[in-house]
1. Using a Gaussian network model on the chain with a 10 Å cutoff between Cα atoms, which of Leu88, Leu108, Leu168 fluctuates the most?
2. Would you mind classifying segment 174-239 by shape? Square roots of the alpha carbon gyration tensor eigenvalues, ordered a ≥ b ≥ c; an a/c under 1.5 is rounded, otherwise it is prolate if a/b is larger than b/c and oblate if not.
3. Please figure out what share of the DSSP beta bridges in the chain is antiparallel and state it in percent, rounded to the nearest 5.
4. Using only helices, what value at 222 nm comes out for the chain when you add -39,500 (n - 2.57) per DSSP H run of length 4 or more and divide by the total residues, to the nearest 500 deg cm²/dmol?
5. Helix check for the chain. Which DSSP H runs span at least 18 Å along their own axis by Cα, with a mean Kyte-Doolittle hydropathy no less than 0.5?
6. Please say if segment 119-198 is rounded, prolate or oblate, where rounded means a/c under 1.5 for a ≥ b ≥ c the square roots of the C-alpha gyration tensor eigenvalues, and otherwise the choice is prolate for a/b larger than b/c and oblate otherwise?
7. Go through (1) 55, 51, 35; (2) 59, 40, 35; (3) 50, 46, 32 and flag the label whose value is the computed Cα extents along the principal axes in Å for this structure.
8. Let me make sure I get this right: for segment 32-164, a, b and c are the square roots of the gyration tensor eigenvalues over alpha carbons, sorted descending. Under 1.5 in a/c it's rounded, otherwise prolate if a/b > b/c, else oblate. Which is it?
Amino acid sequence: MPEFNDNPGAPVPVHVGIIMDGNGRWAQQRKLPRTFGHKEGLTVAKNIVRAAASMGIKYVTLYTFSTENWKRAQEEVGYLMNLIQSHLRAEFDFYKQNGIRVMHIGDLSGLPVSVQTEILNVAKDTKDFKGLTVVLAINYGGRDEILRGIKKLNSKNIDFDSITEKQLSESFDIPELPDVDLLIRTGGEYRLSNFLLWHAAYAELLFTDTLWPDYNAEEFEKNIQEFKNRNRRFGAVLK
């Protein structure tokens, strides 16, 4: 991997969100089952996580399985659940060697018990690691997270006339998760697909036609460089 030293004075994003799109189409182009694309995509995700850690990025959220993905064929959904479960168990040494903390965002209760167990175990086993935090968005939807957050507040009998953004954000799945600085979507689609809607309010958006299994560390570095060259104003007019 080439050394990342372009424009060294500009800060890298603190939090990068990635919509890993294109696994199925990648496989179909090669006349393979869609499941082959998901397996290849897992290898790419690991490479991107390693690259992000080397750059000093603090958080990477990977859109792994959305609340809408349950609509897919039962065979594909089952394969994805098994892939998630086996990957979390098998990659602990990778997390440990790289100091990677793993967290989950999404409706945990809606997942198979075996997958819930693996998610909770890896989160517990990596909670004290101090390097990059990888947030796995599994059974996640931005609207669902906001709705569940509102229900949490309602259960506390909070006066809704005086509710603040801070109170609402603290009711989300990971209250300390910072806003997304850069949101990358692969696969040539130009939409957010219900991903981190609250957290990405002022994210820089970057779309690439590259299908996720063809995405690599070099392209990721170029995407980070583009972010570093953008002028972020957050609604203000800079003088």
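1. Highest fluctuation of the listed residues: Leu168.
2. The shape class here is oblate.
3. Values: 0 of 25 bridges.
Taking every DSSP beta bridge with both residues in the chain, the antiparallel ones total about 0 percent.
4. On the way: 8 runs with 98 residues, N = 239.
Taken over the chain, the calculation gives -13000 deg cm²/dmol.
5. None pass (Cα extent of 18 Å or more, hydropathy at least 0.5).
6. oblate
7. (1)
8. Values: a/c = 2.00, a/b = 1.28, b/c = 1.56.
Oblate, because a/c is 1.5 or more while a/b does not exceed b/c.
The values are calculated or read from the model by the stated rules, or taken from the named source; none is laboratory data. Predicted model, so just to flag it, every value in this text is computed and none were measured. So basically every Cβ, Gly included, is an ideal-geometry build from the backbone, and we count neighbours across all protein chains shown. Surface areas here come from the heavy atoms of the whole protein model, side chains and all, with no ligands, DNA or RNA. Shrake-Rupley method; radii C 1.70, N 1.55, O 1.52, S 1.80 Å.
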